[in-house]
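Engineer: Let me begin by handing over the structure; questions about it come next.
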Amino acid sequence: MTEHAPVVLVVDDDVQIRRFLRAGFELEGFVVREAADAAAGLRAATLQPLDLVILDLALPDLDGSDVLEQLRAWSAVPVIVLSVRSSEAEKVRLLEAGADDYVVKPFGMAELLARARAALRRHTRGAAGESIVKVDRLQIDFTTRTVLLDDARLTLTPKEYRLLHVLAQHAGNVVTHQHLLQQVWGQPHMQDTHYLRIFVRKLRQKIEADPNRPRILLTELGVGYRLGLTTEAAEKAAV
Amino acid sequence: MQALKQAILHPAGFSLGPSGFKGYALALAAVGATTAGIAALNHFVDLGHVGAIYLVPVLIAAMRWGLGPALLASGTSTVASAFFFYPPTYSFQIQKWEQIVDLTLFTIVALVTSHLVVSIKSHAEMAERATNEARMRAESEHLREALIGSVSHELRTPLASILGATTVLSTAPAVLAEPRLAALAHVARDEAERLDNDIQNLLDASRISSEGLRPRFEWAEPADIVNAALDRHRTRLAGHAVEVELPADLPLAYVDPVLVRQALWQIIDNAAKYSPAGASIRIVGRRGDGVALTVSDRGAGLSPAEQARLGERFFRGGRTAAITTGSGLGIWIASAFLRVSGGSLEVASEGEGCGTTVTLRLPVPPRGPESGDLAHD
């Protein structure tokens, strides 16, 4: 992770939520800043360098998705959205508006930390020009375009590799169906989720010990896929 | 029920309260007025058959005061016309056969029409009552849904803080260093999770009956749905051996995967709730008329009577109500969610104590995903 203590900005109007997020993040070595509304949040984001933003969607002065849009106009800081709306369409919309990931209230601290760490790692990886991503028993090298499973080289078709590559770029964070379809098959196939299902099935047969019970290539029902820790594993890691 | 009670307490027209006597008196008065009217008009024009005119007070009596006054009106009308208008006048004697026929016909018509009027009127009243009752029921239902919806949201806000705080506590080094405190923190976290599940159930139920469900159909991997349902609450299933058997060539289903996951979760939750700790729960996927997912447990099972009532909202088996918690919404939610996803739910049990098998059928429309055109890459 970063050399200095990572700075996280929590934007939420509920003081109790801010309180437990502060405790949870500080216990993990983060420096925490708080903002109670969108205006204060955006101001705080311009005043100091941030490593991570936790953004509540139901703010009193401005809708969270508008805050996201304004922030994304000038900043690439990782953003994890806190959503009470359990509508999958809403989640997809937020991810396409530039959120790195989401958790649905009520959520556990371990889950949020796992998402936050993944987003931070992606950011630092990009900045440092690292080209190798490791997830569980899997290792993906972007420069040589090779995939190792337990150190044995896997043979993947170009599309299978492309799919894994896009997921690995966001390792630990969710990637929407639409993004994957666009990146792997191109614009005309944006609605063809069944292409994706069939390729994921093939890919799981190659990389998962039990394709019916995946540990690496995980499904976010109605939203997309995630390469990385299951919530269970994340909770164990946190303990 | 209400209508029956009404009919027993106040049989149409035969009410004997003060208003009933008033009805009979008014019916007599109407006949008297008609007789006077006919007598007055007879000075100017020959009205001939007066029977038709006497139908007026009879119908008025039937409409306004019911069957009893109407019968009285028709009887007195017959007598009055015989006495006043059929020769010899001012006597009850009748000379001609045609006049007897005339009076008999009048009596029959008067009886039949008053009966018709009264029954039409009571039907109309019943229909009106039924409409009123239905409206009131709909209003109270609507109110209840709105209440459930808003209460659930209100409960969720503090619950998010409670659950979040307990997850921080249960992993904090200071708490973990003291096992007794750690155990307490876990209790608080698990119970908060359970509360959240219960609230989710209420929200789901209010979604079904108020705003309606808008499914988002997509091709879904059955294994993904099963895994998501199992992951949703591992703590609940920790005491059970869960076996999953899904063939590798199971077709993709065309459903709203999120709704089907909620449905499957309800079924698995029931299986865990109604079977002893340690008992196995089997989830098996099969091909055949779409995809069938069966969830079998070795729990309390169902008697035929319980099976018949299973689909009712808030139904809970009497045998198990005392030893399990729940709202009785589970199966109702599950079958509603499956239905809007184009699927269906079947519940079978060999009987009490013999376990339950629930089958979720998910549709696989014929225009299935063909991998031929995209397999080459």
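Every number here is computed from the coordinates shown, using simple stated rules; none is lab data. It should be emphasised that the depicted structure is a prediction, and the values quoted were computed from it without experimental measurement. With ideal geometry, Cβ positions are generated from the backbone for all residues, glycine too; neighbour counts draw on all protein chains shown.
Engineer: How big is the equivalent ellipsoid of chain A along its three axes, where each semi-axis is √(5λ) from the Cα gyration tensor, reported in whole Å from largest to smallest? Kindly include the intermediate steps, with their values, before the conclusion.
Structural biologist: On the way: eigenvalues 192, 76, 55 Å².
Whole-Å semi-axes of the equivalent ellipsoid: 31, 19, 17.
Engineer: Order of A:VAL32, A:VAL175, B:VAL58 from fewest to most other C-beta atoms within 10 Å?
Structural biologist: Details: A:VAL32 18, A:VAL175 23, B:VAL58 31.
If I rank by nearby Cβ atoms, fewest first, I get A:VAL32, A:VAL175, B:VAL58.
Engineer: Take every Cα pair under 8 Å in the range B:52-129 that's 6+ residues apart, average their separations, divide by the length, and report that relative contact order as a whole percent.
Structural biologist: Taking the mean separation of contacting Cα pairs over the length of the range B:52-129, I get 34 percent.
Engineer: Taking the number of other C-beta atoms within 10 Å as the exposure measure, put B:SER335, B:SER140 in order starting with the fewest. Don't skip to the end; give the middle numbers.
Structural biologist: Details: B:SER335 22, B:SER140 10.
Arranged by neighbour count, lowest to highest, B:SER335, B:SER140 become B:SER140, B:SER335.
Engineer: Plugging the Kirkwood radius over Cα pairs into Stokes-Einstein for the range B:97-223, at a temperature of 10 °C and a viscosity of 1.306 mPa s, what D comes out in µm²/s? All intermediate terms of the calculation are to be shown ahead of the outcome.
Structural biologist: Values: Rh = 21.3 Å.
In µm²/s, the coefficient rounds to 75.
Engineer: Next up: Going by amide H atoms built from the backbone, whose H comes under 5 Å of the H on B:VAL255, apart from near neighbours?
Structural biologist: Hits under the 5 Å cutoff: B:GLU218, B:ALA220.
Engineer: If you don't mind, there's one more thing I want to ask. Return the sequence-ordered ³J(HN,Hα) values of the range A:56-71 in whole Hz as given by the Karplus equation 6.51 cos²θ - 1.76 cosθ + 1.60 applied to θ = phi - 60°, using x for Gly and Pro.
Structural biologist: 7, 7, 9, 9, x, 9, 8, 5, x, 5, 5, 4, 4, 4, 5, 5
Engineer: A further question follows. Using the number of other C-beta atoms within 10 angstrom as an exposure proxy, rank B:GLU350, A:GLU90 with the fewest first. Don't jump to the answer; show the numbers that get you there.
Structural biologist: Values: B:GLU350 11, A:GLU90 17.
The most exposed by this proxy come first: B:GLU350, A:GLU90.
Engineer: Rounded to the nearest 0.05, what FRET efficiency do A:GLU26 and A:ASP210 have when you use their Cβ-Cβ distance and R0 = 25 Å?
Structural biologist: Values: r = 38 Å, r/R0 = 1.53.
According to the calculation, E is roughly 0.05.
Engineer: Once you place label points 7 Å from the Cα toward the Cβ at A:SER75 and B:ASP249, how far apart are they in nm?
Structural biologist: Label-label distance for A:SER75 and B:ASP249, simple model: 5.4 nm.
Engineer: Cα centroid distance between the range A:91-118 and the range B:87-140, in Å?
Structural biologist: Here the two parts' Cα centres lie 74 Å apart.
Engineer: Right, something else. Between B:ARG135 and B:GLU350, what is the label-to-label distance in nm when each label sits 7 Å out along the Cα-to-Cβ direction?
Structural biologist: 5.5
Engineer: Can you give me the long-range amide H partners of B:ILE281? Hydrogens built in the peptide plane at 1.01 Å from N, cutoff under 5 Å, separation of 5 or more residues or another chain.
Structural biologist: B:ALA241, B:VAL242, B:GLU243
Engineer: Dividing the convex hull volume of the Cα atoms of the range A:1-66 by its residue count, what figure in Å³ per residue is obtained?
Structural biologist: Cα convex hull per residue, to the nearest whole number: 76 Å³.
Engineer: At a temperature of 10 °C and a viscosity of 1.306 mPa s, determine how fast the protein assembly as shown diffuses translationally according to Stokes-Einstein, using the Kirkwood radius over alpha-carbon pairs as Rh; express D in µm²/s, rounded to the nearest whole number. Don't skip to the end; give the middle numbers.
Structural biologist: Working: Rh = 30.0 Å.
D = 53 µm²/s.
Engineer: What is the count of Lys pairs in chain A whose alpha carbons sit under 25 Å apart, if the two are 8 or more places apart or on different chains? Could you put the intermediate results ahead of the total?
Structural biologist: Working: A:LYS91/A:LYS105; A:LYS105/A:LYS236; A:LYS134/A:LYS159; A:LYS134/A:LYS202; A:LYS134/A:LYS206; A:LYS134/A:LYS236; A:LYS159/A:LYS202; A:LYS159/A:LYS206.
The result is 8.
Engineer: Right, something else. Quick check: convex hull over the Cα atoms of the range A:94-188, volume per residue in Å³, rounded to an integer?
Structural biologist: Values: hull volume 10.9 nm³, N = 95.
It is 115 Å³ per residue.
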